[in-house]
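Undergrad: Here you go, one structure.
The values are calculated or read from the model by the stated rules, or taken from the named source; none is laboratory data. Every value quoted in this text rests on a predicted model; they were computed, and no experiment measured them. Please note: Cβ atoms are built from the backbone with ideal geometry, for glycine as well, and neighbour counts cover all protein chains shown. Protein only, heavy atoms only, side chains kept; ligands, DNA and RNA dropped before computing areas. Shrake-Rupley method; radii C 1.70, N 1.55, O 1.52, S 1.80 Å.
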Amino acid sequence: MKPYGRKFASEKPLENRRYENGKKDYKDTGMLCISKETAPGEIQEFHYVLTWNVPNCNNYWSGLDISTSNIHYDVCDRTPWKNYYAVLFEDSWASASYALHNRQRLLGETLTFMDAMYETTIPEAALDAVTANLAILRSPTCLRLEDGSFYGWEGCFDNVGSCEGTCTHVWNYAYALPFLFPALARSIRDLEFRYSQRTDGGIEFRLRLPVGSTGKWFHSCADGQLGSIMLTYRDYKISGDREWLASKWESVKKALAYAWSEENPDAWDRGKKGYLDGRQHHTLDMELFGPNAWLQGFYAGALSAAAEMAAVLADREAEEEYRELAAKAKEYLNRELFNGEYFYQKVDVCDRSVVERFQAQDDYWNEEKGQIKYQIADGCGIDQVLAQWHGNLCGLPEIFEKDKTRCALDAIFHYNYKPALGEIYNPWRIFAIDEEGGVIMCEWPEGTLKPAIPLTYAQECMDGMQYQTASHMIWEGMLEQGETIVKAVREKYRGDNRNPWCEIECGSYYARSMASYALLLSYSGFTCDLDQGILGFRPRRRCADDSFTSFWSAGSGWGRVRYQSDGSIILEIIRGSLFLKQFVTGTEGNIAKVSCDGKEQKFTREKDRISFTEKVRIEKSLELKAD
């Protein structure tokens with residue numbers, strides 16, 4: 001037994017360790033003990049607070065032998081910046097004092113949040129997925145810069161973050177942050193438009209630290225950049241902050257125009273045809289060539305979101321341009337990229353000229369097989385209708401035709417869901433073993449052409465992508481399939497096999513797993529536009545007595561909503577307040593009486609929503625009584 005173990009087991013007081021002056025790199029185990037005399041039957045609490053204060057940080061990771069996924073620094077800038085907590089607290093004594101003096105309040109607020117969240121009446125595995133992955137926000141994956149702005153790695157390794165820069169195409173999946181901490185989500189947009197966007201409109205998909213650092217440009221990422229446009233619209237609606245939206249508008253227009261810009265070396269949509277047929281970098285770390293539904297969906301979604309933002313800001317010329325091009329993009333997507341069963345990539349993998357156009361033959365041409373490498377082609381990809389998932393959650397008009405979306409989701413479950421992944425040959429990373437199930441990234445049904453060297457990570461099952469697929473299925477009413485996938489993911493993190501609060505992709509506490517928060521949004525059918533004063537629900541699954549309860553959070557408030565068995569609805573605000581003009585009930589039952597904070601309100605009803613003549617401030621509750 002080690003000396004510390006013997007001392008800890010003894011009844012004698014602990015002795016302080018002493019170290020030689022100047023000697024560094026001790027690797028001790030520490031012990032801390034409080035001594036109190038306790039009478040028989042008496043209960044005493046012992047509160048321990050672990051605090052630290054390392055006020056300054058610098059870019060220590062560039063040049064280390066870790067994956068930074070295509071960020072290239074010519075010269076690493078080691079200029080230090082201050083950690084946000086060091087702005088709030090002078091030293092570790094100050095933060096410890098704050099924690100202890102505010103313990104009851106902090107604990108009480110935490111339990112209030114927990115109680116509200118755990119009252120949500122959705123299946124146990126789904127609620128487990130939503131809540132467990134909130135741990136990512138309190139892990140080393142996340143930090144705040146000196147002004148409080150949010151910054152995130154993709155995940156973390158033992159001694160350093162995994163893949164830097166609040167990576168656009170990873171964090172676009174992470175729906176917990178924008179709903180629980182909307183100001184932090186908006187700060188991501190602030191940073192990427194200010195520091196990552198170049199003069200030509202392209203956005204580097206990894207924010208370099210310290211902010212303002214420069215280096216060798218790699219590629220703009222199609223799903224990351226176009227997704228950021230969609231999420232700018234989402235973040236505006238969650239906050240209701242039109243001034244913030246206006247401050248981003250010129251950057252948004254530049255980011256969108258990059259798609260058809262002559263300065264875009266990847267020629268996404270030269271000539272404004274309405275579809276992407278150039279070289280398209282994406283979250284699977286390679287490029288697709290030619291039209292494909294996955295990234296074309298993002299293009300159509302970005303155009304649609306930009307048109308909606310232009311309408312809000314009365315930029316009529318831009319609105320007309322974007323709506324016209326969005327219509328072309330959607331028409332091409334649904335006509336040309338659907339094979340009758342699912343959406344695919346339209347490319348001749350045997351055509352060498354496709355990659356020669358971009359001088360990419362050294363990296364992408366397989367001379368032995370005479371094929372382009374790393375493509376989807378006729379495969380059934382997990383993210384083929386991903387943009388529609390975003391569109392649903394952001395409140396955008398339809399991108400993919402609804403019947404085709406449903407058909408594609410059916411195909412993903414049929415072809416890509418594997419009940420036992422131990423039977424699947426996987427040359428990439430192993431995220432599931434033996435009898436564990438999951439949805440693989442891409443599958444080529446019998447009779448289709450599978451490229452000799454196909455899409456990267458094709459046989460992997462990444463948790464975040466599985467959650468987005470499952471929550472999309474639930475949104476579309478495919479509850480059984482969606483719940484099967486959620487159960488399969490959480491079965492991998494039971495606790496006896498893996499850490500329940502640490503889902504893994506490229507590193508631990510992986511940000512993309514916060515796509516699981518969308519399960520809450522899908523089950524409740526949550527919708528909001530706080531600029532217009534709209535909030536509401538369209539529950540997908542009710543209890544046996546037709547009741548439903550869910551946690552909700554948006555903009556300036558959070559709380560619970562209760563659908564009661566008698567048809568009444570109660571929106572409870574636990575923290576904050578809301579200005580509402582319209583509440584979406586999701587039902588067409590008769591509402592006889594509406595009260596805000598106990599005061600009866602006049603209202604009108606249309607289909608599944610009630611409206612007030614003007615915005616009403618609500619601080620405690622909105623109650624809708626049925627006949």
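Undergrad: List, please: which pairs have Cβ atoms under 6 Å, are six or more places apart or on different chains, and start with a residue in segment 103-130 that is touching a residue at least 60 places away in the same chain (Cβ under 8 Å) and end with one that is part of a helix (DSSP H, G or I) and acidic (Asp, Glu)?
TA: What qualifies is 123/483.
Undergrad: Somewhere in segment 73-82, is a residue open to solvent by 80 Å² or more (accessible area, probe 1.4 Å), at pLDDT 85 or above and hydrophobic (A, V, I, L, M, F, W, C)?
TA: No; the residues of segment 73-82 include none that is open to solvent by 80 Å² or more (accessible area, probe 1.4 Å), at pLDDT 85 or above and hydrophobic (A, V, I, L, M, F, W, C).
Undergrad: Select, from 344, 364, the only residue that is under 29 Å from the mean Cα position of the chain (by Cα) and among the hydroxyl-bearing types (Ser, Thr, Tyr).
TA: One residue alone meets the criteria, 344.
Undergrad: May I ask you to list the residues in segment 472-495 that are without any contact (Cβ under 8 Å) to a residue 60 or more places away in the chain and either among the hydroxyl-bearing types (Ser, Thr, Tyr) or part of a loop (DSSP other than H, G, I, E, B) (or both)?
TA: Correct list: 494, 495.
Undergrad: Filter segment 413-446 down to the residues that are closer than 15 Å to residue 341 by Cβ and touching a Pro at 6+ places or on another chain (Cβ under 8 Å) and list them by number.
TA: Those that are closer than 15 Å to residue 341 by Cβ and touching a Pro at 6+ places or on another chain (Cβ under 8 Å): 415, 442, 444.
Undergrad: Of all residues being surrounded by fewer than 20 Cβ atoms within 10 Å (Cβ to Cβ) and among the aliphatic types (A, V, I, L, M) in segment 479-509, which is farthest from residue 393 (Cα to Cα)? Just the residue, please.
TA: 504
Undergrad: Between residues in segment 428-453 that are within 19 Å of residue 467 (Cα to Cα) and in a strand (DSSP E or B) and residues that are among the charged types (D, E, K, R) and at pLDDT 95 or above, which pairs lie under 8 Å by C-beta distance while being six or more apart or on different chains?
TA: Sorted first by the residue in segment 428-453, then by its partner, the pairs are 438/418; 438/492; 439/418.
Undergrad: A follow-up question, please. Does segment 528-554 hold any residues that are open to solvent by 20 Å² or more (accessible area, probe 1.4 Å) and either among the aliphatic types (A, V, I, L, M) or under 17 Å from the mean Cα position of the chain (by Cα) (or both), and which are they?
TA: Residues satisfying the conditions are 530, 534, 544.
Undergrad: So which residues in segment 500-546 are in a helix (DSSP H, G or I) and either closer than 30 Å to residue 157 by Cα or not small (Gly, Ala, Ser) (or both), if there are any at all?
TA: Matches in segment 500-546: 511, 512, 513, 514, 515, 516, 517, 518, 519, 520, 521, 523.
Undergrad: Here's another thing I want to ask about it. Assess whether residue 370 counts as being without any contact (Cβ under 8 Å) to a residue 40 or more places away in the chain and over 24 Å from the mean Cα position of the chain (by Cα).
TA: yes
Undergrad: Sticking with this one: Pick from 430, 399, 372, 440: which is at pLDDT 95 or above, among the hydrophobic types (A, V, I, L, M, F, W, C) and closer than 22 Å to residue 498 by Cβ?
TA: Exactly one of 430, 399, 372, 440 is at pLDDT 95 or above, among the hydrophobic types (A, V, I, L, M, F, W, C) and closer than 22 Å to residue 498 by Cβ, namely 440.
Undergrad: In addition: Please determine whether any residue of segment 306-319 is within 22 Å of residue 262 (Cβ to Cβ), surrounded by 21 or more Cβ atoms within 10 Å (Cβ to Cβ) and at pLDDT 95 or above.
TA: yes
Undergrad: From the residues in segment 394-411 that are touching a His at 6+ places or on another chain (Cβ under 9 Å) and not hydroxyl-bearing (Ser, Thr, Tyr), which one is farthest from residue 344 (Cα to Cα)?
TA: Looking at the filtered set, the residue picked out is 396.
Undergrad: Given the structure, is residue 588 loosely packed, with under 15 Cβ neighbours inside 10 Å and outside any strand (DSSP E or B)?
TA: Judged against the criteria, residue 588 is a match.
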